[in-house]
């Protein structure tokens, strides 16, 4: 990689880190990490997923046990994803991701239609 390109990439990284979108995502992430409520919901989601996977190992996929575990897992995921802090984080993530997608398009659009 040539030196100018490397310098340009380092500069781009620094510009992105100073962007409003990156700072908003960092702030939202910090709030998520500090929230006991979100941690509890995340733990409940993880446990519900484990229970569902265990049920699948022991019962038929259409059994009451599996369907009940699946329902509990869906509720746990829904509860986590609909917490206000998680919603705010996801919106901030989407905004920053749009910038990344534009950069990706600009840098690699000439590859469109070719196999790498």
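Among the residues here, residue 24 does not qualify as at pLDDT 95 or above, part of a helix (DSSP H, G or I) and either within 14 Å of residue 80 (Cα to Cα) or touching a strand residue (DSSP E or B) at 6+ places or on another chain (Cβ under 9 Å) (or both). Pairs meeting the criteria (first residue in the range 52-79 and more than 26 Å from residue 37 (Cβ to Cβ), second residue in a loop (DSSP other than H, G, I, E, B), beta carbons under 8 Å, at least 6 apart or on different chains) are 55/63; 65/59; 66/59; 66/60. Taking the range 30-116 and the helices (runs of 4 or more DSSP H) fully enclosed by it, the elements with 3 or more residues that are under 20 Å from the mean Cα position of the chain (by Cα) and farther than 25 Å from residue 18 by Cα are at 36-58, 64-81. Somewhere in the range 106-116, is a residue over 16 Å from residue 28 (Cβ atoms), free of Cβ contacts under 8 Å to residues at least 12 places away in the same chain and surrounded by 11 or more Cβ atoms within 10 Å (Cβ to Cβ)? Yes - at least one qualifying residue is present in the range 106-116. Scanning the range 30-68 for residues that are farther than 30 Å from residue 93 by Cα and surrounded by 13 or more Cβ atoms within 10 Å (Cβ to Cβ) gives 54, 55, 56, 59, 63, 65, 66, 67, 68.
The values are calculated or read from the model by the stated rules, or taken from the named source; none is laboratory data. Predicted, not measured: the structure shown is a model, and the values here were computed from it. Every residue, glycine as well, gets a Cβ built from its backbone with ideal geometry; the counts of neighbours run over all protein chains shown.
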